[in-house]
Amino acid sequence: MSEQTSTTTTPPGAATSVRLPLAHLPAVVLPGATVTLTLATDEVRGAIEAAVRDTDGRIALTGGSRRELAVVARVPNIGNLPTGESAAIVQVERRARIIEVDAPSDGGATYAIVEPIIDGVVSSSVEAATRELRAALELIAELRNSRRLPELLRTVNSPGQLADSVALWAEFGDDDRLRVLQAVDVGDRVAAINSWARNHLNELQVAETIRNDVSEGMSKQQRDFMLRQQLAAIRKELGEGSDDVVGEYRTKLDDLDAPEGVKVFVAKELDRFERMSEQSPEHGWIRTWLDRIFEMPWGERSDDTLDLDEAQSILDADHYGLDDVKERIVEFLAARKLRHDRGLTRASDDRRGNGSVLTLVGPPGVGKTSLGESIARAMGRQFVRVALGGVRDEAEIRGHRRTYVGSQPGRIVKALQEAGTMNPVILLDEIDKMGSGAFAGDPTAAMLEVLDPAQNHTFRDHYLEVDLDLSEVVFIATANVADTIPGPLLDRMDLIRLDGYTESEKVFIAGRYLLPRQIERAGLRPDELSVSDELIGSIIRGWTREAGVRSLERELGRLVRKVTAKIATGQLTNDQLTTDQLTNDSDQSDQVVSDVDADVDADVATGTPITIGDDELRDWLGRPKVDDDVQHRTSSTGIATGLAVTGAGGDVLFVETTAFPTGPDAEPGLTLTGQLGDVMKESAQIALNYVRSHASELGLGDEALRQRFHVHVPAGAVPKDGPSAGVTITTALVSLLTGRPVKSSVAMTGEINLQGQVMPIGGVKQKVLAAHRMGITEVVLPARNGPDLEDVPQNVLDEMTIHLAATYDEVAAAAFDAA
C-alpha cells in the first residue's frame, strides 16, 4: 500500500497520541458523521461528561464487535430530547488506533490512549481510481435523482473523505461500515467504495431498463385503449352496434388457460375481427370461430381416482366377468398411482401418451358401450360417446375448414367441449362401421392421428387450426368384428375380445342387473315380482339365441311390462297367487282395482308378489321364438354342421349337399349357392378335389364321382365368407357319397388343404359357445387351436367333448359313427 498512498499516523507537526475518554457504541460510526447519542448508560454518560470537562469535548468511540480501531469525535453540545432524555451531539472527525485502555476512574469514565490516523499524500493511482469513482457516482446520482450526492461531489475533494462520505450517504449496513472503517489505507478505501458503486450502478441500470420496458408497454396499452375507444365511437355513429364484443373477447383471452401458441393465434384473429366491418362475410365466420375457441375446456382436467380398490369395486358392481378389461384398466390406474406417489411427472418437452387405445371387440349386447361408462366412473373422469357408425367423411373427424359455409369442428373437438375437460374418457362406438367416401376422404385415416400416442399430442382440427393435446384422453373403441378395421389403425389398438356369455353367466347377469333394472323402469317394487333362475334359463333357451344379453333384456322387459299392466288394470286373479297368499287374502280375492291412484294397499288389491312358473311362460311371452333343430336337420346324409363367427357373435351353420348324374359328354362340376364369398367358394372346390383325390381311401368308385355336385349353405339371403368351412364341406360331401349321416351331436370348424391337413382358424371361443347354446355336445377343432381352449369357460368344456384333429381322417373318425 505504500506505493499508492502515504497515510501516516505521525505526520509532521501532529501529536503522536492523546489520552481521551472512551465509549463503546453498538454500531460503527465513520468519519464525517454527525450522530445524536442518548446518555442512557453510565459508560456513555461518564465519557461524554469527561470529554466536556477534561479534553475540550474530544472523545474516542468504538463500535460493533471490533475494539482495536476507534474514531475521534467532538461533542459540541449537550441537551435534552423532546422526550426528556439527555443527549449529546457528536461530530466524528477521523480514525484512531487504540494504544492502551486505562481502568475506569472514580467518576466512572474509561480513558484510552489513542493515536489519530491522518490521510497522507495521495498517489496517482488513487487519483485515477477516485476519478473513476466520481464518474460512477455522477451516473448513480442521475439515476437516483439524488440532490445530496452531487453536493458531496462538489464540496469534498479528499479521496479518503469522499469514500467515507459516500458510505454515509449510501447508508451502509454495520458489516459494510466496519469494512470501510478498517480500510485505513486510502487506496483500499476508495477501491471498496468503487466496487460498491459499480455493482449499485448495474442494479440501477437494470431497474431503469425494466422500468422503461414497463413504461413502453403501458404507453402502448394506453394508446391501444384510446384507439379502441375512438373506433367504438366511430362504429356507434355508423350504427354498427354498441355492444363491446371485442372487449368481452379480450377479457376471455386474458383469462384463457391455453398454451401460449394458441393465445397468440387467437389474439391475431381477434385483431382481424376488431378491424373488420360487420358487413363483411368474414365477420360472422371469425366470431363463430372465437366462440368455438372459448368453448374449449382449456386447462380443465379431472383428477384421476387413485384408489385401486374403489376402482375395482366400481367395475365389479357394473359388469359381471370381463376380467381382461378390468385388469387392463386397473393396470392403467396403478401406473398413474405409482408415478403420482413417487413424484414422477412427464418432461415438458415430452407430451406423448404412454399407451394405445383400448378396443373392445365382440358381438352386440355383451356390454361394450356400458363398459366405457363404468371405466370413466372408475377413473373419476368425464365420459363422452362418439358414434362412428356410418361416418364416411374425413371432416367428421378433423372438422371442416373455415372457408366452407356452415363449417363446424370435428367430432373429437365437440366431444372435448361436451366433456368440459381435456382428459375425458371418449368412447369411439362402432369404429368398425366407418366407411370411406369417394370424394370426402377416408375417416379411418384421420383416426390414425387421433389414436396414435406419438402424434395425438399435436392433433390439429381443420376448423380450429390450433394444436390440441389429446395425449391425456383415454380412448375406448368398440367394434363387432376386427376384420373391417384397416390394418394401420388396428396396429394402434389394444384389442380385448368379448366373445359372449354362457347360459349360466346370462342367468346371473339377468338376475343381478337386467331384471332389477326393468322392474325399476316399470315402476314396480322388487317384492312385487318373483322370477326364478329356472324361468330365466327357459327364456334364454326358448326366446333368445345370442352371444350377448340384449334380446334377453328385451324379453324380460316385455314380461315385466305385462305384469305391470295387469297390476295397473287389476286383471290379476287368484290363480297367480301363491298358496300363502290365497290363505291370507281369501276374503279379498275377488277385489278389482279400477282406479290406479286409489288409496288401497296394492299388495292386497292386486294379489302381488307374483310368481311366474315355467308352464305359464308361453301365456306371458307368446310362443317360443327359437328351437334346437340340429338333430332334425342333420338326420339325412349329405348334411354337416359347421361353426362360424359373424358380427353378432358365434353361430351354427349347416352345409347341405346333393349330387345328380350328368350326361355322357358333360363334365362333372360343382354348383354353389347360399351367397358365398370367394374364400368359401375356394374352400368348396378344395373339399371336392380332396374327396376325388382320396376316393379309394374313402371307398368311393369312379361312378360316384362322375356326378354334378351342389353345395348349399342356408340362409341364402345372408352373405357368408371366411376360411373355416373346409372340413364341414368335405364332411358333407363324404356323407353324401358314402351314405353315412353325420352325428347330430357334432359340429366342426377348420380349413382343409389338398393334402388333407386341417388348418387353424380363429374365433374358437365364440364358436364353442355357439355350439353350446345349440345343445351340441361335440366339437371338432384343428389340433393347432388347442391352446385357444384356455379362453373357453371351464363349465362349458366340462359339458362338451372337444376333438382336436390334425388331418381329415381324424375329423371323419369324430364325425361319423363307427362302421
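Some observations on this one:
- Scan of segment 645-670 for residues that are in a strand (DSSP E or B), more than 17 Å from I761 (Cβ to Cβ) and either at pLDDT below 90 or open to solvent by 20 Å² or more (accessible area, probe 1.4 Å) (or both), ordered by number: F654, E656, T658, A659, F660, P661, L670
- Residue match in segment 528-536 (condition: in contact (Cβ under 8 Å) with a residue 24 or more places away in the chain, open to solvent by less than 10 Å² (accessible area, probe 1.4 Å), closer than 27 Å to V768 by Cβ and in contact with a Lys or Arg (Cβ under 9 Å, 6 or more places away or on another chain)): yes
- Within segment 171-217, being acidic (D, E), open to solvent by 30 Å² or more (accessible area, probe 1.4 Å) and under 22 Å from R66 (Cβ atoms) holds for E171, D174, D175, D176, D188.
- Members of segment 454-502 that are on the phi > 0 side of the Ramachandran plot and either modelled with pLDDT of 85 or more or within 22 Å of the chain's Cα centre (by Cα) (or both): E465
- Residues in segment 474-504 that are small (G, A, S) and either in contact with a strand residue (DSSP E or B) (Cβ under 9 Å, 6 or more places away or on another chain) or in contact (Cβ under 8 Å) with a residue 40 or more places away in the chain (or both): A477, A479, A482, G500, S504.
- Residue that is modelled with the lowest pLDDT, among those in segment 509-524 that are more than 14 Å from V563 (Cα to Cα) and of a type in the set (K, R): R512
- The set of residues in segment 745-765 that are of a type outside the set (A, V, I, L, M), open to solvent by 20 Å² or more (accessible area, probe 1.4 Å) and under 28 Å from E790 (Cβ atoms) comprises S745, E751, N753, Q757, P760, G762, G763, K765.
- Each residue in segment 46-72 was checked for being in contact with a strand residue (DSSP E or B) (Cβ under 9 Å, 6 or more places away or on another chain) and either assigned to a strand (DSSP E or B) or among the β-branched types (V, I, T) (or both), and 15 of them qualify.
- Pick from segment 671-713, criterion outside any helix (DSSP H, G or I) and modelled with pLDDT under 85, ranking: farthest from D483 (Cα to Cα): G701
- Restricting attention to segment 66-94, the residues being exposed (fewer than 15 other Cβ atoms within 10 Å of the Cβ) and free of Cβ contacts under 8 Å to residues at least 40 places away in the same chain number 8.
- For segment 363-398, a residue qualifies if it is open to solvent by less than 20 Å² (accessible area, probe 1.4 Å) and in a strand (DSSP E or B), and the qualifying residues are V384, V386.
- Subset of segment 519-563 [assigned to a helix (DSSP H, G or I), β-branched (V, I, T) and touching a strand residue (DSSP E or B) at 6+ places or on another chain (Cβ under 9 Å)]: I519, V560, V563
- Close Cβ contacts (under 8 Å, 6 or more residues apart or on different chains) running from residues in segment 223-236 that are closer than 12 Å to E274 by Cβ to residues that are surrounded by 10 or more Cβ atoms within 10 Å (Cβ to Cβ) and of a type in the set (V, I, T) comprise R228/V246.
- Residues of segment 122-139 that are within 15 Å of W169 (Cβ to Cβ) and either open to solvent by 90 Å² or more (accessible area, probe 1.4 Å) or at pLDDT below 85 (or both): E138 alone.
- Of the candidates L781, L797, L789, L769, the single residue that is part of a strand (DSSP E or B) and not basic (K, R) is L781.
- Per this entry, P793 is not counted among residues that are under 45 Å from the mean Cα position of the chain (by Cα) and at pLDDT 90 or above.
- For the residues L360, L290, the requirement of being at pLDDT 85 or above, buried (at least 16 other Cβ atoms within 10 Å of the Cβ) and not in a helix (DSSP H, G or I) singles out L360.
- Counted residues, segment 142-170 - those being more than 29 Å from E115 (Cβ to Cβ) and either in a loop (DSSP other than H, G, I, E, B) or open to solvent by 30 Å² or more (accessible area, probe 1.4 Å) (or both): 10
The values are calculated or read from the model by the stated rules, or taken from the named source; none is laboratory data. Keep in mind the model is a prediction, meaning the values are calculated, not measured. We place every Cβ from the backbone using ideal geometry, glycine too, and count neighbours over all the protein chains shown. Only protein heavy atoms, including side chains, enter the accessible area calculation; ligands, DNA and RNA are left aside. Shrake-Rupley method; radii C 1.70, N 1.55, O 1.52, S 1.80 Å.
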